[in-house]
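Take a look at the structure set out below.
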Amino acid sequence: MKNDVERLLEGAYDVHLHAAPCIQQRRHTLYELAGLARDAGMAGFVIKDHYVPTAMAAQIVQEVVPAVQVRGGVTLARSSGGLDPAAAEISFRMGGRVVWMLSLEAEWMFRRMRDPSFPHAKNYQNLGVDGAQHGYTIVRDGALVESVKEIVSLCCQYDGVLETSHLSPDEARALFAEAQKQGAHKFVLTHANQAITPYTLSEQKAYAEKGAYIMYCMAQYMGKPNEPAEDIAGLARLIQAVGAAHIVLGTDFGLPIWPSAIEGMRMMVTALLQLGISEQDIRLMVKENPEKLYFETR
């Protein structure tokens with residue numbers, strides 16, 4: 001007989017993970033993760049890469065492991081064209097579902113790296129981020145750049161998911177305002193519980209009230225060398241404050257020192273149950289909300 005955690009993992013999705021092949025060292029290949037997800041009874045996952053579009057790899061792996069739905073997209077990095085609408089459109093036409101805004105090349109990323117109070121600089125250095133460099137922004141002279149407006153329009157056209165990735169809170173607000181203006185209804189604050197994207201609780205609640213989805217990831221509650229983990233009880237408090245109706249959960253796993261993303265989902269679900277989050281709310285956050293956002297199209 002299956003226990004509560006196993007039942008909740010059946011049909012669940014991880015909306016944010018990393019896998020090999022990748023220029024950073026990863027714990028598992030995309031194919032290996034699909035097999036682990038199938039064995040756990042999960043419905044699927046979303047694969048993000050900081051530099052390389054993932055839609056093609058996602059489709060190939062799904063053909064090999066048809067029991068698992070795998071979705072990808074494009075991070076607007078220099079290597080994929082930067083803030084180029086063509087990069088977003090080609091990804092959508094290849095089956096991609098997500099456009100991630102600037103990630104490890106965001107100017108906000110570099111500003112955080114240079115901040116002595118930022119506790120995770122070493123981790124990002126290990127991922128190849130040089131804090132002495134400067135990055136890119138989606139706002140110039142106080143206004144959203146025109147190419148980003150075109151990318152928002154493409155998300156509307158293809159019913160794609162628009163994620164903030166590693167934007168600054170100010171950039172995210174400008175992007176969301178444009179998304180609302182154009183009617184882009186699949187908008188996600190990426191790993192809003194992580195120090196790299198420090199949205200206040202009041203900001204998160206305001207986004208949710210206006211129809212955005214808030215993503216929380218397990219990675220914040222896993223330790224790294226010289227970086228202690230946060231108490232996962234904080235995640236339960238966030239869920240209770242924001243409300244499960246506008247939350248999606250992922251792991252952001254992929255580091256070789258951690259277990260698989262599939263095990264990460266098991267750990268997160270187990271902890272949330274122990275912290276008093278209801279099965280109904282967990283099902284919303286790991287199955288129903290991800291399914292309609294990332295896996296269903298109009």
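Observations, loosely collected:
- Taking only protein heavy atoms and a 1.4 Å probe, the accessible area of the chain is 50% carbon and sulfur.
- Helix runs (DSSP H) in the chain reaching 18 Å along axis by Cα, Kyte-Doolittle at least 0.0: 261-274
- Fraction in percent of alpha-carbon pairs per bin - 5 Å, segment 232-298: 3, 17, 25, 24, 18, 9, 3, 0
- Only one item in [x] 14.3; [y] 21.5; [z] 24.0 matches mean projected area of the Cα convex hull in nm² derived from the coordinates shown, and that item is [x].
- Binned Cα-Cα distances of segment 4-161, short to long, each 10 Å bin given as a whole percent: 11, 33, 33, 20, 4, 0
- Computed packing ranks the peptides 57-67, 81-91 as 81-91, 57-67, most packed first, by mean other Cβ atoms within 10 Å.
- Gain on full extension, evaluated as 0.36 nm per residue between Gln280 and Lys149 minus their Cα-Cα distance, stands at 43.5 nm.
- Accessible solvent surface per residue of the chain, calculated while the other protein chains remain in place, 1.4 angstrom probe, Å²: 42 Å²
- Ranked by how many other beta carbons lie within 10 Å on average, peptides 119-129, 171-181 from highest: 171-181, 119-129
- With 21 Å as the limit, the listed pairs Lys186/Lys287; Lys122/Lys205; Lys122/Lys186; Lys210/Lys292; Lys48/Lys287; Lys186/Lys210 have Lys122/Lys205; Lys122/Lys186 beyond it between alpha carbons.
- For the chain, the dipole from Cβ point charges (+1 on Lys and Arg, -1 on Asp and Glu) about the Cα centre works out to 20 debye, to the nearest 20.
- For segment 1-125, averaging the sequence separation of C-alpha pairs within contact (under 8 Å, six or more residues apart) and dividing by the residue count gives a relative contact order of 19 percent.
- Relative contact order, percent, the chain [alpha-carbon distance under 8 Å, six or more residues apart]: 20 percent
- Sequence-distant contacts, meaning Cα pairs under 8 Å at least 6 residues apart, place the relative contact order of segment 227-298 at 40 percent.
The values are calculated or read from the model by the stated rules, or taken from the named source; none is laboratory data. Values in this document were obtained by computation on a predicted structure and should not be read as measured data. Cβ: placed from backbone, ideal geometry, glycine included. Neighbour counts: every protein chain shown. SASA here: full protein model, heavy atoms, side chains in, ligands and nucleic acids out. Shrake-Rupley method; radii C 1.70, N 1.55, O 1.52, S 1.80 Å.
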